[in-house]
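J.: Submitted below is the structure of interest, expressed as structure tokens.
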Amino acid sequence: MTIQDAPPGGGTARAIADRDRIADRVADAGFTWQVLAIAILTLIWWPLSIQMEPWVPTPVATGESILELLRDGDFYHNLLATSRRILTAFVAAGTLGVALGLWMGLSRSAEQFFAPVIAIALAVPDPVYVIFAVLTFGVGERSTDLALIVAVTPFVVNIVRGSVAARDLQLDDMARVYRFGARRRYRDVLLPQLVPAFLAAGRTSFALSWKIVVVVEGLSQPTGIGAAILDSFHLLRTREVFAYAIIFTVLMQAVEHTAVRLATRRALAWRA
Amino acid sequence: MEPTATPEQHGAISVVAVEDLGVSYDGSPAVERIDLHVEHGEFVSILGPSGCGKSTMLNVLAGLLEPSRGRVAIAGVEVLGPRGPAPDLGYVFQDHRLLPWRTVRRNIELALAAKGVPKAAWRERIDRYLTLLKIDQFAESWPLRLSGGQRQRVSIARALAVEPAMILMDEPLSTLDEVTARSMRQELLDVWNRTGSTIVFVTHSIREAVFLSDRILILSQGPGTVLEDYQVPLARPRRYEDPALAQVEAEIVEKVLDRWGIGAGDGEAAT
């Protein structure tokens, strides 16, 4: 054994622990900046709310409104309805988008056929989907889900097919030389390469779903956070609009950060 | 000139039979006309300047590329390119080509499983070859945690572990630093001796070819043809620094100097 071949210091377990600690420290530093950004936003908000009274509520009024909402049973009812819709869109658009993205990435004819469709789908404004879904299925859960899924899926497809097309072709050669069958080519060679794309697609589809769901609900639903925001707007209760927006943002951010961080750590443990 | 390996050779069927091979990309030839026969247990190098079609030829042997002309057979089975069945071989690429998201053991297991080796035999076989390559302590490691030399050892262990009819090696030591490469060359010969494998080794380094091989197939500049099928006139074991080896090297340099053109073989004589 040469010097170059000496084992890299420490055990793997320690290396992983070290890396996680560093990641945590970076995350902690990031947290400080996030708090600062929110503080600055609040500082801008405050004089603005005094200036534009009563259309922009003060932070204090908004805070009171948030507490009121959190004590209100209707709020949880709406939150549940919206969450269910987001989850449906997330799962359905994820499944559809990954399947179609894989197909487009691997098959030239599929790519050529679907590329213009995806390009158009990405360009269509989201309310158009809502309107057409409502016209087709009438007002109801079905059209809400459909509009959401149709709006989100193209983004997932786009990320996944790009990543499939950019895969390491040399590993495909290796798999062929060693006679890997279709199952191993997918499970062991292709899919692990796509994990970062899946994580990105997951983040995107989640973020998009909860942005669009509010619009969809505003346009087509009697329940959900979007409908509640529209009600508050009609009654000119802007502090409630703000309160909904803030609660929802905090919740979604918390879900996203926790889920993404856990998934990343689990799926990418092999990275040196 | 049969090395120490198992002499169950029949002579009738060459492990590798390449006859009148030609390969073209979009009408322009990359390989013009190559004949090559490799017998069981032989160590044969393919030597040529950059762009002579060495890698193209290897891809044809591996079944990754369809020949435009001629016939290629490995262990008596014709190689037909990507549409045909994959030939029975191990391949050590220039880079390690391990799956970084699978452990060292799992990487080799995948090749064994694909080859149809029964699961019960995996552990013993993998441990045996990892030990042979002196990397048994890294069996459960992620490839990216290993050094370049260690990864290439895993890659060689994988090629050996499937116990193929032959092993192709495409400049496998060219990305390593010189000290690591030297010790790996020596160990490669030890492994070859112990396992009796048949090896076809592609390189652009004349000294490496002389040190390792029984025979050297010297190719012309691209599109490749065979300049000479050269029998290395040196007994084994050899020493990399042996003056006799340097002399054989000089002889080959002399042969190819004007054929490879000015610049193509630069620096090789000095290594």
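Every read-out reported here was derived from the displayed coordinates using simple, explicitly stated rules and does not represent laboratory data. Computed from a prediction, not measured in an experiment: that's the story for all the values here. Cβ sites come from the backbone with ideal geometry, for glycine too, and all protein chains shown count toward neighbours.
J.: Projected area of segment A:143-272, taken from the Cα convex hull and averaged over every viewing direction, in nm²? Could the numbers behind the result be given before it?
T.: On the way: hull surface 41.0 nm².
Seen from a random direction, the Cα hull of segment A:143-272 projects 10.3 nm² on average.
J.: Okay, next question. Tell me, A:Ser107, A:Ser83, A:Ser163 in order of fewest to most beta-carbon neighbours within 10 Å?
T.: In order of increasing Cβ crowding within 10 Å: A:Ser107, A:Ser83, A:Ser163.
J.: With each run of n ≥ 4 DSSP H residues scored as -39500 (n - 2.57), what mean residue ellipticity at 222 nm is computed for the protein assembly as shown after dividing by its residue count and rounding to the nearest 500 deg cm²/dmol? Don't skip to the answer; put the middle values down first.
T.: Numbers: 17 runs with 307 residues, N = 543.
For the protein assembly as shown, the value works out to -19000 deg cm²/dmol.
J.: Do you know the relative contact order of segment B:147-271, to the nearest whole percent, from alpha carbon pairs under 8 angstrom that are 6+ apart? The partial results should precede the final answer.
T.: Values: 109 pairs, mean separation 24.8, N = 125.
Relative contact order here is 20 percent.
J.: For B:Leu80 and B:His37, calculate 0.36 nm times their separation in residues minus their Cα-Cα distance, and state this gained length in nm to one decimal.
T.: Using 0.36 nm per residue and subtracting the Cα-Cα distance, I get 13.7 nm.
J.: Based on Cα positions only, what radius of gyration and what Dmax would you give for chain B, in angstroms?
T.: Expressed in Å, the Cα Rg and Dmax of chain B come to 18.2, 56.
J.: Right, something else. Could you tell me what a quarter of the Cα convex hull surface of the protein assembly as shown works out to, in nm² with one decimal place?
T.: Details: hull surface 132.0 nm².
Averaging across all directions leaves 33.0 nm² for the Cα convex hull.
J.: How big is segment B:1-146 along each principal axis, measuring the range of its Cα positions in Å and listing the largest first?
T.: 47, 37, 30
J.: Hey, which lysines would be in cross-link range of A:Lys211, C-alpha to C-alpha under 27 Å, not counting anything within fewer than 8 residues on its own chain?
T.: none
J.: Given Cα pairs under 8 Å that are at least 6 residues apart, what percent is the relative contact order of chain B? Walk me through the numbers before you get to the answer.
T.: Numbers: 515 pairs, mean separation 67.0, N = 271.
Answer for chain B is 25 percent.
J.: Next up: Determine which aspartates and glutamates satisfy two conditions relative to B:Lys134: a Cα distance under 14 Å, and not lying fewer than 8 residues away in the same chain.
T.: Candidates past the 8-residue exclusion: A:Asp5, B:Glu187, B:Asp190.
J.: For B:Lys255, which lysines qualify as cross-link partners when the Cα separation must be under 27 Å and same-chain residues fewer than eight apart are set aside?
T.: Cross-link targets: B:Lys54.
J.: Taking the Cα centre of each part, how many Å lie between segment A:94-110 and segment A:168-239?
T.: Answer, in whole Å: 14.
J.: Whole number please: convex hull volume per residue of the Cα set in segment A:57-216, in Å³? Write down the numbers at each step before the final one.
T.: Values: hull volume 24.7 nm³, N = 160.
Each residue corresponds to 155 Å³ of Cα convex hull volume.
J.: Something else now. Using a 10 Å Cβ count of at most 14 others and DSSP loop calls, identify the longest part of chain B lacking such GluC sites (Glu not before Pro). Mind dumping the intermediate values first?
T.: Numbers: sites that count: B:Glu8, B:Glu140, B:Glu241.
Result, exposed sites excluded: B:9-139.
J.: Cα extents of segment B:97-199 along the three principal axes, largest first, in whole Å?
T.: 38, 31, 21
J.: Along the charge dipole of chain B, pointing to its positive end and built from +1/-1 on Cβ of Lys, Arg, Asp and Glu, which listed residue (B:Ala235, B:Leu110, B:Val38) has its Cα farthest out?
T.: Farthest towards the positive pole: B:Leu110.
J.: Further, regarding this structure: Looking at the square roots a ≥ b ≥ c of the eigenvalues of the Cα gyration tensor of chain A, which shape do they give, rounded for a/c under 1.5, prolate if a/b is larger than b/c, or oblate? Could the numbers behind the result be given before it?
T.: Values: a/c = 2.90, a/b = 1.43, b/c = 2.02.
Cα axes put chain A in the oblate bin.
J.: Here is a further query. From the residues B:Leu176, B:Ala139, B:Ala120, which one has its Cα farthest along the dipole of segment B:83-225 in the positive direction, the dipole being from +1 and -1 charges on Cβ of Lys/Arg and Asp/Glu about the Cα centre?
T.: Looking along the dipole axis, the top candidate is B:Ala120.
J.: Same structure, new question: Return a whole-number percent for the relative contact order of segment B:51-129, with Cα pairs under 8 Å and 6 or more residues apart as the contact set. Provide the component values of the computation, followed by the final result.
T.: Details: 56 pairs, mean separation 14.6, N = 79.
Worked out over segment B:51-129, it gives 18 percent.
J.: Taking the Cα atoms of segment B:117-271, what is the range of coordinates along each of the three principal axes, in descending order and whole Å?
T.: That works out to 54, 32, 29 Å along the principal axes.
J.: Related question: What list do you get for A:Trp55, A:Trp45 if you sort them by fewest beta carbons within 10 Å?
T.: On the way: A:Trp55 9, A:Trp45 15.
Exposure proxy ranking, most exposed first: A:Trp55, A:Trp45.
J.: Which trypsin sites (Lys or Arg not before Pro) in segment B:37-94 pass both tests, a DSSP loop state and at most 14 other beta-carbon atoms within 10 Å? The partial results should precede the final answer.
T.: Numbers: sites: B:Lys54, B:Arg69, B:Arg71, B:Arg83; in loops: B:Arg83.
Loop-located and lightly packed - B:Arg83.
J.: Among B:Val191, B:Leu219, B:Ala161, flag the residue with its Cα farthest along the positive direction of the charge dipole of chain B, charges on Cβ as +1 for Lys/Arg and -1 for Asp/Glu.
T.: With unit charges placed on the Cβ atoms, the residue in question is B:Ala161.
J.: Expected output is a single nm value to one decimal: the length gained when fully extending between A:Asp74 and A:Thr264, i.e. 0.36 nm times separation in residues minus the C-alpha distance. What is it? Before the final figure, lay out each step's value.
T.: On the way: separation 190, 0.36 × 190 = 68.40 nm, distance 3.53 nm.
Additional length available on full extension: 64.9 nm.
J.: May I pose another question? Give the order of B:Phe43, A:Phe114, A:Phe206 when sorted by the count of other beta carbons within 10 angstrom, beginning with the fewest. Before the final figure, lay out each step's value.
T.: Numbers: B:Phe43 26, A:Phe114 19, A:Phe206 22.
In increasing order of surrounding Cβ atoms, one gets A:Phe114, A:Phe206, B:Phe43.
J.: Here's something else I'd like to know. With 5 Å bins from zero, work out the P(r) of segment A:95-179 over every alpha carbon pair and list the percent per bin.
T.: Binned Cα distances yield the sequence 3, 15, 19, 17, 15, 12, 7, 4, 3, 3, 1, 0.
J.: For segment B:152-193 and segment A:136-157, what is the centre-to-centre distance using only Cα atoms, to the nearest Å?
T.: 55 Å
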